[in-house]
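> If you scroll down you'll find the structure; I have some questions about it.
The values are calculated or read from the model by the stated rules, or taken from the named source; none is laboratory data. Remember, it's a predicted structure, so these values are computed and weren't measured experimentally. Here the Cβ is made from the backbone with ideal geometry for all residues, glycine too, and neighbour counts use every protein chain on show. Side chains are part of the model used for accessible areas, which takes the heavy atoms of the whole protein and leaves out ligands, DNA and RNA. Shrake-Rupley method; radii C 1.70, N 1.55, O 1.52, S 1.80 Å.
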Amino acid sequence: MADEKLASNNGQLVPKITSIQDFDPSKKPKTNKYAIACSFLASLASILLGYDIGVMSGAIIYIQKDLHITDTQVEILVGILNVYSLFGSAAAGRTSDSIGRRYTMVVAAAIFFAGALLMGFATNYAFLMVGRFVAGVGVGYALMVAPVYTAEVSPASSRGFLTSFPEVFINGGILLGYVSNVAFSKLPTHLSWRFMLGIGAVPSVFLAVSVLAMPESPRWLVMQGRLGDARRVLNKTSDSLEEAQMRLADIKEAAGIPEHCNDDIVEVPKRPKGDSVWKELIFSPTPAIRHILITGVGIHFFQQASGIDAVVLYSPRIFAKAGISSDHDKLLCTVAVGFVKTMFILVATFMLDKSGRRPLLLTSVAGMVLSLTLLATGLTIIDQSDQKLVWAIALCITMVLAYVALFSIGMGPITWVYSSEIFPLRLRATGCSIGVAVNRVISGVVSMTFLSLSKAITFGGAFFLYAGLAALAWVFFFTLMPETQGRTLEDMETLFGTFWKWRKTARELKEMNKTEKNNNDNGQIQMGTTPPAI
């Protein structure tokens with residue numbers, strides 16, 4: 001039978017597996033290369049957003065010179081893509097539930113490809129805004145579907161590592177955008193920014209092709225009643241066949257499929273309509289769902305409210321304020337920002353499943369508060385001084401690099417990891433879409449107000465404000481966010497629902513698991529005992 005078998009040691013009967021931790025608690029599973037490959041390919045979608053962020057920070061210098069636009073128009077052009085991406089995020093949830101996660105990525109790539117070409121061939125500001133709209137819709141699709149797909153193919157032992165891939169690729173895209181800025185900066189002004197933006201069509205082609213090598217999400221396959229296909233994918237993406245069986249059983253339970261149904265194709269009970277999903281998620285949620293929604297949306301809000309897009313998008317302006325005058329030198333400094341950001345996100349991917357989400361997140365945000373405060377102090381001193389203060393310039397550059405490094409080691413990747421793993425299966429696509437929508441709205445607000453804000457309260461004042469919001473984020477995370485390391489996606493609801501009292505719930509769950517494991521161990525010993533010889 002699938003749920004019990006004879007062990008090879010003295011013919012002892014092994015009891016039924018009840019949790020993933022029961023498979024082999026003393027032996028660390030080998031890295032699943034197939035799951036890594038799937039996550040890698042899916043995360044290529046995130047390059048689209050990263051490249052646009054990075055390239056626009058430099059391209060806008062030449063766009064402003066060529067099209068003679070104002071700072072207000074610059075703010076709108078830079079930040080409007082985040083607002084436009086809401087249309088893509090809103091549609092992505094329904095689209096991915098309808099045609100699958102895999103082909104939703106093809107839709108994202110095709111839309112962004114068209115947007116990049118439109119921006120590259122733009123002849124005026126209005127034409128450029130049309131290109132931004134199309135590209136923004138593609139970015140919205142990619143932002144929603146990549147983390148969801150990665151979370152759904154990842155085994156529990158490496159889910160933090162694998163679901164941080166989208167953030168890794170966003171940072172890789174930002175670095176590519178910065179490098180593109182430097183590469184094309186020597187071209188004539190009217191050509192430089194067009195090449196910078198138009199070359200962004202290339203990553204979308206790679207994404208569309210990579211989808212051919214990817215399997216569909218096993219959770220989506222189960223929701224379509226395709227248990228045979230889901231079983232084959234789970235067997236490849238799990239650390240063991242036993243874990244694959246457990247994951248399939250959990251997904252079937254979440255989808256409302258009876259445990260005894262094991263045919264390759266089964267009938268799936270009718271799922272809630274869209275309005276029922278919204279009712280359960282927003283209008284009449286259980287305490288657990290309300291807690292999940294607050295934390296899932298809250299982490300996206302604070303990720304952007306702490307000012308990361310202001311630093312990444314306007315780093316040339318920040319370096320100019322700090323005393324660097326040459327456009328080429330400013331762009332070279334942004335490459336350093338992109339390099340540091342990418343290196344530290346790679347460090348974070350290997351720490352997420354070892355250190356847990358909370359320790360990394362709290363350490364990251366505390367460091368961000370400190371670096372933002374020191375950056376604001378340095379900019380304020382430079383602003384009020386009539387002399388060129390080399391130490392203050394060095395402080396500002398160092399704090400920009402420290403800020404992006406600290407962001408990348410915690411706040412950046414954990415936002416996507418955490419929000420993609422806490423929503424239950426029936427609400428995951430919609431819940432993640434809401435989180436991405438909030439993320440993009442706040443990002444748009446920050447990027448479309450930074451120049452105006454810095455004129456009103458100075459650059460230093462703006463970063464003091466971001467430091468205050470980051471401090472508020474630390475309190476929010478410390479109070480409301482449970483640790484999710486090592487738990488299955490279907491197990492999350494048991495961890496949420498008590499809000500700031502979640503620690504007590506976590507202790508109770510730990511005791512329950514410990515008691516259950518002891519009972520199973522005792523049962524195995526008892527079943528393996530032979531009667532004494534007479």
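> Do we find a residue being touching a residue at least 12 places away in the same chain (Cβ under 8 Å), open to solvent by 10 Å² or more (accessible area, probe 1.4 Å) and at positive phi anywhere in segment 452-460?
Yes, segment 452-460 contains a residue that is touching a residue at least 12 places away in the same chain (Cβ under 8 Å), open to solvent by 10 Å² or more (accessible area, probe 1.4 Å) and at positive phi.
> Here is a further query. May I ask you to list pairs of residues, at least six apart or on different chains, whose Cβ atoms are under 7 Å apart, with the first in segment 187-211 being of a type in the set (Phe, Trp, Tyr) and in a helix (DSSP H, G or I) and the second being modelled with pLDDT under 90 and surrounded by 14 or more Cβ atoms within 10 Å (Cβ to Cβ)?
Phe206/Leu44
> Specify which of the listed residues (Ala429, Ala470) is crowded, with 18+ Cβ neighbours inside 10 Å, at pLDDT 90 or above and in contact with a Ser or Thr (Cβ under 6 Å, 6 or more places away or on another chain).
Ala470 is the lone residue from the list that is crowded, with 18+ Cβ neighbours inside 10 Å, at pLDDT 90 or above and in contact with a Ser or Thr (Cβ under 6 Å, 6 or more places away or on another chain).
> Here's a follow-up. Check whether at least one residue in segment 419-430 is in a loop (DSSP other than H, G, I, E, B), out of contact with any His (no Cβ under 8 Å at 6 or more places or on another chain), closer than 26 Å to Gly140 by Cα and of a type in the set (Phe, Trp, Tyr), and report yes or no.
Looking through segment 419-430, at least one residue is in a loop (DSSP other than H, G, I, E, B), out of contact with any His (no Cβ under 8 Å at 6 or more places or on another chain), closer than 26 Å to Gly140 by Cα and of a type in the set (Phe, Trp, Tyr).
> Please state which of the following conditions Ser325 fails to meet, knowing it meets all the rest: (1) touching a helix residue (DSSP H, G or I) at 6+ places or on another chain (Cβ under 6 Å); (2) small (Gly, Ala, Ser); (3) more than 23 Å from Phe499 (Cα to Cα).
Failing condition for Ser325: (1).
Okay, residues lined up against (1) modelled with pLDDT of 90 or more; (2) out of contact with any Cys (no Cβ under 9 Å at 6 or more places or on another chain); (3) open to solvent by less than 10 Å² (accessible area, probe 1.4 Å); (4) closer than 15 Å to Val153 by Cα:
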{"position": "Pro218", "(1), (2), (3), (4)": "yes, yes, yes, yes"}
{"position": "Glu243", "(1), (2), (3), (4)": "no, yes, yes, yes"}
{"position": "Glu253", "(1), (2), (3), (4)": "no, yes, no, no"}
{"position": "Cys261", "(1), (2), (3), (4)": "no, yes, no, no"}
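> Quick check on segment 484-500. Is at least one of its residues modelled with pLDDT of 65 or more, of a type in the set (Val, Ile, Thr), within 27 Å of Gly367 (Cα to Cα) and not in a helix (DSSP H, G or I)?
yes
> Just need a number here: residues in segment 148-157 that are under 15 Å from the mean Cα position of the chain (by Cα) and open to solvent by 10 Å² or more (accessible area, probe 1.4 Å).
Looking only at that region, the number is 0.
> Here's another thing I want to ask about it. If I ask for residues that are surrounded by 18 or more Cβ atoms within 10 Å (Cβ to Cβ) and either aromatic (Phe, Trp, Tyr) or in a helix (DSSP H, G or I) (or both), which ones from segment 92-105 would you list?
Hits for segment 92-105 are Ala92, Gly93, Thr95, Ser96, Asp97, Arg101, Arg102, Thr104, Met105.
> Also: Do the conditions hold for Tyr418, that is, is it more than 16 Å from the chain's Cα centre (by Cα), buried (at least 19 other Cβ atoms within 10 Å of the Cβ) and within 23 Å of Thr342 (Cβ to Cβ)?
no
> Please go through segment 106-133 and pick out each residue that is of a type in the set (Gly, Ala, Ser), farther than 15 Å from Val205 by Cα and surrounded by fewer than 21 Cβ atoms within 10 Å (Cβ to Cβ).
Gly120, Ala126
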